[in-house]
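Worksheet for the structure shown next.
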Amino acid sequence: MTVPHLFRPLALRGLQVRNRVALPPMCQYSAADGLAGDWHLVHLGKFAQGGFGIVFVEATAVEARGRITHGDLGIWCDAQVPALARIAGFLAANGAVPAIQLAHAGRKASMQRPWQGNGPMTAADQEGGERIWPVVAASAEPLEPGWLVPEALDPAGLATVREAWRTATLRAAEAGFGIAEVHSAHGYLLHSFLSPLSNRRNDAYGGDRGGRMRFPLEVVETVRAAWPADRPLFVRISAVDGIDGGWSLEDSVAYAHELKARGVDVVDCSSGGLAGSATAGRNAPRGLGFQVPYAERIRADVGIMTMAVGLVLDAAQAEAIVAAGQADIVAIGREAMNDPNWAVHAARALGLPDGGFAEWPQQYGWWLERRERVLERIRSNSPPVA
Ligand code: FNR
């Protein structure tokens, strides 16, 4: 048989990825002082066992003030490396490429966890001992009325943040991650520079699109220089703001050209989040695979690999995306929470040889393959239900 597109290995610089299925970064809001714990190991480990080719550790803050919430992971100091290294090691030992998203929340830092309200922290949130902290952004404009007013980063502040990305990248490499991703989406720090709606600067880091892209591109250059040459670099973008006068798909195509020129390997195509929560759906209409056209357009126009994400639910949908050349990798987020074995189930659904059981960890696949033969016998011997 011909191998389904979703299960064809992918070469990315020095890496060979076993298939095109990725777990996208998904914050768990479950860290203490930025440290990964058992939750993160078990949560992420399930997806490596479940056959995913790439497993992303959630948005991991390059600076303490760049956390979205007090529960975010961090990589701003060396003490945070061993717990991340343990996760990276487990993922790799189970066949997945360990990946990490490096992030800075900008003016969307100091928020409540989603289940605490998903808004800016309030005095009541401080009663548990967690403190509101000052936030930074491209301009001194809050996300919305009632949110913290960020401090606009001055040249010294920009240099501090760039240096934080650099040292975080070195730590991510030391921890053993195979892929690093720069988070420049969802209204966080780098996106706040890109969008004309959040960047009101009148220095070299604002103004026209070239000025607004300057700082994100400097960060990408810094990360690429610190990241080993044989390891791929992804950048997540909000392909559109979905707000009148905001960042557009044309802007994203121009940005992707610049990213490609700086050695970025894959553009991870998300959208929205400039105002309100990154996970709130009010900025753009959302249907199944609603962001796939962004990945397709950037891939075609720029000649760079893309990752598609957003409401991809089943194997046939994901296979069609890769087969049609809309994206090189498909990320499965919430549906993977629903089914951590999504990738091995997809292998079976797409008709891989041996019922797809070879894709399972042998601790499970050996048994399931035998059980399947028993079940087939039972089914064929059972009288039809009246
Ligand atoms: C997310 N998302 C997200 N995106 C990102 O770039 N960094 C992150 O850390 C997070 N965190 C996060 C947490 C949770 C709980 C959810 C549900 C989502 C967005 C995520 O990566 C993905 O783009 C969306 O969930 C859409 O894909 P699905 O879930 O429809 O497959």
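The values are calculated or read from the model by the stated rules, or taken from the named source; none is laboratory data. Please read these numbers as outputs of a predicted model, since none were measured by experiment. Cβ atoms come from the backbone with ideal geometry, glycine included; neighbour counts cover every protein chain shown. In case anyone asks, the SASA skips ligands and DNA or RNA and just uses the protein heavy atoms, side chains included. Shrake-Rupley method; radii C 1.70, N 1.55, O 1.52, S 1.80 Å.
Of the residues making up the range 28-58, those that are closer than 20 Å to residue 313 by Cα and either open to solvent by 30 Å² or more (accessible area, probe 1.4 Å) or at pLDDT below 95 (or both) number 2. Sort out which residues of the range 105-134 are polar (S, T, N, Q) and either more than 25 Å from residue 237 (Cβ to Cβ) or within 13 Å of the ligand (Cβ to nearest atom) (or both), and write them in order of number. Passing the criteria: 112, 116, 118, 122, 126.
Under the condition of being closer than 16 Å to residue 96 by Cα and more than 28 Å from the chain's Cα centre (by Cα), the residues counted in the range 338-362 number 1. Being within 16 Å of the ligand (Cβ to nearest atom), open to solvent by less than 10 Å² (accessible area, probe 1.4 Å) and either outside the structural domain of residue 43 (by TED's automatic domain parsing) or more than 24 Å from residue 138 (Cβ to Cβ) (or both) is a condition met by no residue of the range 278-286.
Within the range 310-333, residues that are assigned by TED's automatic domain parsing to the domain that holds residue 18 and in contact (Cβ under 8 Å) with a residue 12 or more places away in the chain have Cβ atoms under 7 Å from residues that are within 11 Å of the ligand (Cβ to nearest atom) and open to solvent by 40 Å² or more (accessible area, probe 1.4 Å) in these pairs: 311/286; 311/288; 313/288; 313/335; 317/288, counting only partners at least 6 apart in sequence or on another chain.
Of the numbered criteria (1) open to solvent by less than 10 Å² (accessible area, probe 1.4 Å); (2) within 30 Å of residue 19 (Cβ to Cβ); (3) in a loop (DSSP other than H, G, I, E, B), the one residue 187 fails is (2). Being within 30 Å of residue 195 (Cβ to Cβ) and either open to solvent by 40 Å² or more (accessible area, probe 1.4 Å) or polar (S, T, N, Q) (or both) is a property that residue 293 has.
Within the range 77-104, the set of residues being within 16 Å of the ligand (Cβ to nearest atom) and either open to solvent by 30 Å² or more (accessible area, probe 1.4 Å) or β-branched (Val, Ile, Thr) (or both) comprises 87, 100. Among the numbered conditions (1) on the phi < 0 side of the Ramachandran plot; (2) open to solvent by 10 Å² or more (accessible area, probe 1.4 Å), the only one that residue 177 does not meet is (2). Six or more apart or on different chains, Cβ under 6 Å: which pairs go from a residue in the range 25-43 that's of a type in the set (S, T, N, Q) and within 14 Å of the ligand (Cβ to nearest atom) to one that's open to solvent by 60 Å² or more (accessible area, probe 1.4 Å) and not in a strand (DSSP E or B)? Could you list them? Between residues of the range 25-43 that are of a type in the set (S, T, N, Q) and within 14 Å of the ligand (Cβ to nearest atom) and residues that are open to solvent by 60 Å² or more (accessible area, probe 1.4 Å) and not in a strand (DSSP E or B), the close pairs are 30/39. In the range 121-136, the residues that are open to solvent by 50 Å² or more (accessible area, probe 1.4 Å) reach residues that are part of a strand (DSSP E or B) with C-beta atoms within less than 9 angstrom, at least six apart or across chains, in these pairs: 132/120; 134/151. Residues that are more than 16 Å from the ligand (Cβ to nearest atom) and either under 15 Å from residue 18 (Cβ atoms) or acidic (Asp, Glu) (or both) number at least 2 in the following helices (runs of 4 or more DSSP H) confined to the range 308-381: 342-349, 362-381.
Working carefully through the options 67, 113, 107, find the one that is in contact with a Pro (Cβ under 8 Å, 6 or more places away or on another chain), of a type outside the set (S, T, N, Q) and open to solvent by 10 Å² or more (accessible area, probe 1.4 Å).
107
Tallying residues that are touching a residue at least 60 places away in the same chain (Cβ under 8 Å) and in contact with a strand residue (DSSP E or B) (Cβ under 8 Å, 6 or more places away or on another chain) within the range 69-78 yields 2. Among the residues of the range 251-264, none qualifies, meaning not one is within 15 Å of the ligand (Cβ to nearest atom), open to solvent by 30 Å² or more (accessible area, probe 1.4 Å), in a helix (DSSP H, G or I) and modelled with pLDDT of 95 or more.
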